[in-house]
Structure formats: C-alpha cells, structure tokens
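Trainee: This is the structure I have questions about; it appears just below.
The values are calculated or read from the model by the stated rules, or taken from the named source; none is laboratory data. These figures come from a predicted structure and were not determined experimentally. Because the Cβ atoms are built from the backbone with ideal geometry, glycine has one as well, and the counts that use them run over all protein chains shown. Remember, those area values only see protein heavy atoms, side chains included, never the ligands or the DNA or RNA. Shrake-Rupley method; radii C 1.70, N 1.55, O 1.52, S 1.80 Å.
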Amino acid sequence: MMNSKLNWINPVLEKEFRLRMRTFRSPLSILVYLLAIGLIALGFAYINMSNMQAGVLSTTKSSELFYFLSGTQLVLIAFMTPGLTAGVISGEREKQTLNMLLTTQQSSETIILSKLFASLSFMLLTVVATMPLYSIVFLYGGVSPKQVLSVFVFYVFVMLLFGAVGIFFSTVLKKTVISIIATYGFVLFVFGFTALAGLFFANLGRNGIDEDVLGYFLSFNPMAVLVSLMVPDFAKQLFKGHEPLQMWHIFVASYTVLLLLFIWLSVRYLRPIMKRRK
C-alpha cells in the first residue's frame, strides 16, 4: 500500500498539494467562487419567480436556470484555469528554483504532469463544491442527472485542455506575465474566433446560412458544445444530414490531439536542449 502511494503521489505532486491546499487563500478562493455562483443562481431564480403569477419557479425556468448556471461556470473555468497553470514552470524559473527541481530524480514527464494535476485539482475541487447548487434545479425538475453528469465531465476536459495550454506556454516562455497573456489569447481564440469564423463562412453561400458549416466551426467552441450537451436538438438542427454526429465528438477528438501535443511539447522543452558538439 505504501508503494502504491509513492507511485501515485511523487514528491513534486505532494509539495504542490501542500503549498496549494494548506494556505488560507485556498478555502477563501473557493468561498468567494461559491458566493459568486450562488448569488448569480439565486438572482436568476428570484427575477424569474417575481415575474410568475404563482411566485414559483416553473420546470421551464428551472431548465433555463441550469443552462445559465452551467454557462456561467464554464466562463469562470475559462477565466481561472489559465491563471492557475500559466505560471507553474515560469514561476519556478523566476524564483530560480527550476534548476534545482531539474536536478532531482524526477523525470520531465513527472514534473509536468504533477504540476498540471496539482493545479487542476484545486479547480476541480472548486467546481465539485458547486454541485449542491444544482440541487435547486433538481428540486423543480426539468433536468436529468445524465445532463448534469455530462456537463461536469465536459468541464473536466476543458480544464485539462486549458491547463495543458497554460503549462506549455509556461514552459516555453520565460516570463509568467507573457505566458498568462498567451494562454488567455488561446482561450479567447477558441471562444471568439470559432464562433465568428463559423458565422462568416456559413454566410458565404447564396442560399442563406449553411448550417452544416456553422455546426463544424461551432464544434470547436466550448460554449456551443456545452449548449449541445444541455439541448441535444441544437446539434441535430445543425447536422441534419449527419444525425449520429454530435458536436462533442468533434470537440473531444480534435482537442485531445492538441492536448496531448501541448503536454508532449512541455515535456520536450522543460529541460534545456544541449547542443551537440561537432
């Protein structure tokens, strides 16, 4: 049992867990996050209940609350994940502790993956802590447990993707500030460019919007894929000619390749490349 613990929790991962979880800032950050999400959810419910004659939240409004809550949480994940991961390697370099870390017996793969998982564990803990808020939705109905589960699995994948991008820029760029800006640039590109490019190319035809083209571009957009998970008819409307095809199929397949590529490049460029002597 001790050996299995040592295999899973290496010194780098253990140190990162202790530094991140044992400070006062961690529970305070989670509390602020929960307050923000909770106030948004209660504000949405209060506005809709006050507009109803019976003063209760209907099943339709409960579903809308779920969509609104899930979309808000995805935006917060996209905003927080780069901040947690884009400085883990460059920060060590700026503190002049990276060389000491590289002289240990830990491999480059262990260092990169430990940094990534330790950073994302805090984000994962924060997101899991919001699950009780979804009980409001279950209380009024309109949403199935399968939808909630698929949304949370999607969150984990998006965290891994943006976390891998943050680790990559933190490895190849020397300054943390530049690394954070580059990671946010990637996030903005994924959210903004895919939607705008989809609308642009879908309108090039003479017969109005080409929904297939729009669907393919939006399949790279996290917010559009989240909507398709919550409202399955959204993908069916776009892919009328390819009904078995779902937007998350394209999203997961393409970004898994990109995610693995970013991790491989991070491992590749973590240690200085020594020039061969002629």
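Trainee: Is it fair to say residue 151 is over 30 Å from residue 96 (Cβ atoms), β-branched (Val, Ile, Thr) and at pLDDT below 95?
Mentor: yes
Trainee: Pairs under 9 Å by beta carbon, first residue touching a residue at least 40 places away in the same chain (Cβ under 8 Å) in region 22-43, partner small (Gly, Ala, Ser), six or more apart or different chains?
Mentor: Note: pairs meeting the criteria are 30/129; 33/129; 34/129.
Trainee: Still on this structure: What is the residue count in region 223-249 for residues that are of a type in the set (Phe, Trp, Tyr), in a loop (DSSP other than H, G, I, E, B) and either touching a Ser or Thr at 6+ places or on another chain (Cβ under 8 Å) or surrounded by fewer than 18 Cβ atoms within 10 Å (Cβ to Cβ) (or both)?
Mentor: Within region 223-249, residues that are of a type in the set (Phe, Trp, Tyr), in a loop (DSSP other than H, G, I, E, B) and either touching a Ser or Thr at 6+ places or on another chain (Cβ under 8 Å) or surrounded by fewer than 18 Cβ atoms within 10 Å (Cβ to Cβ) (or both) number 0.
Trainee: Take residue 72 and decide whether it is within 30 Å of residue 169 (Cα to Cα), modelled with pLDDT under 85 and open to solvent by less than 70 Å² (accessible area, probe 1.4 Å).
Mentor: no
Trainee: Name the pairs whose Cβ atoms lie under 7 Å apart, with the first residue in region 168-196 and farther than 20 Å from residue 224 by Cβ and charged (D, E, K, R), the second open to solvent by 50 Å² or more (accessible area, probe 1.4 Å) and part of a helix (DSSP H, G or I), and 6 or more positions between them or separate chains?
Mentor: 174/93
Trainee: Here's a follow-up. Among the residues of region 94-115, are any among the basic types (Lys, Arg) and outside any helix (DSSP H, G or I)? Full working, then the answer.
Mentor: Within region 94-115, the subset among the basic types (Lys, Arg) is 95, 115.
Okay, now just the ones that are also outside any helix (DSSP H, G or I), so 95.
Yes.
Trainee: Taking the criterion of being open to solvent by 50 Å² or more (accessible area, probe 1.4 Å) and at pLDDT below 70, would at least one residue in region 9-25 satisfy it?
Mentor: Scanning region 9-25 turns up at least one residue that is open to solvent by 50 Å² or more (accessible area, probe 1.4 Å) and at pLDDT below 70.
Trainee: Looking at residue 92 and the list (1) within 27 Å of residue 175 (Cα to Cα); (2) open to solvent by 50 Å² or more (accessible area, probe 1.4 Å); (3) without any contact (Cβ under 8 Å) to a residue 24 or more places away in the chain, which single condition is not satisfied?
Mentor: With respect to (1) within 27 Å of residue 175 (Cα to Cα); (2) open to solvent by 50 Å² or more (accessible area, probe 1.4 Å); (3) without any contact (Cβ under 8 Å) to a residue 24 or more places away in the chain, residue 92 is out only on (2).
Trainee: For region 76-89, enumerate the residues that are open to solvent by less than 40 Å² (accessible area, probe 1.4 Å) and assigned to a helix (DSSP H, G or I). Lay out the reasoning, then the answer.
Mentor: Initial filter on region 76-89 (open to solvent by less than 40 Å² (accessible area, probe 1.4 Å)): 77-78, 81-82, 84-89.
Of everything in region 76-89, those that are open to solvent by less than 40 Å² (accessible area, probe 1.4 Å) and assigned to a helix (DSSP H, G or I) turn out to be 77, 78, 81, 82, 84, 85, 88, 89.
Trainee: Does region 95-138 hold any residues that are of a type in the set (A, V, I, L, M) and touching a residue at least 60 places away in the same chain (Cβ under 8 Å), and which are they?
Mentor: 101, 102, 111, 112, 113, 116, 118, 125, 129, 133, 136, 137
Trainee: Continuing with this model, one more query. Quick check, is residue 181 surrounded by fewer than 16 Cβ atoms within 10 Å (Cβ to Cβ), assigned to a loop (DSSP other than H, G, I, E, B) and over 13 Å from the mean Cα position of the chain (by Cα)?
Mentor: No.
Trainee: Quick one: in region 95-119, which of the residues that are among the β-branched types (Val, Ile, Thr) and in contact with a Ser or Thr (Cβ under 9 Å, 6 or more places away or on another chain) is surrounded by the fewest Cβ atoms within 10 Å (Cβ to Cβ)?
Mentor: Start the filter on region 95-119 by keeping residues that are among the β-branched types (Val, Ile, Thr), which leaves 97, 103-104, 110-112.
Next, only the ones that are in contact with a Ser or Thr (Cβ under 9 Å, 6 or more places away or on another chain) stay: 111-112.
On the way: 111: 25, 112: 28.
So the residue we want is 111.
Trainee: Would you call residue 220 within 23 Å of residue 76 (Cα to Cα) and in a helix (DSSP H, G or I)?
Mentor: Taking the combined requirement at face value, the residue does not satisfy it.
Trainee: Can you list residue pairs whose Cβ atoms sit under 6 Å apart, with the first residue in region 58-82 being free of Cβ contacts under 8 Å to residues at least 40 places away in the same chain and the second being buried (at least 18 other Cβ atoms within 10 Å of the Cβ) and part of a helix (DSSP H, G or I)? Count only pairs 6 or more apart in sequence or on different chains.
Mentor: 68/44
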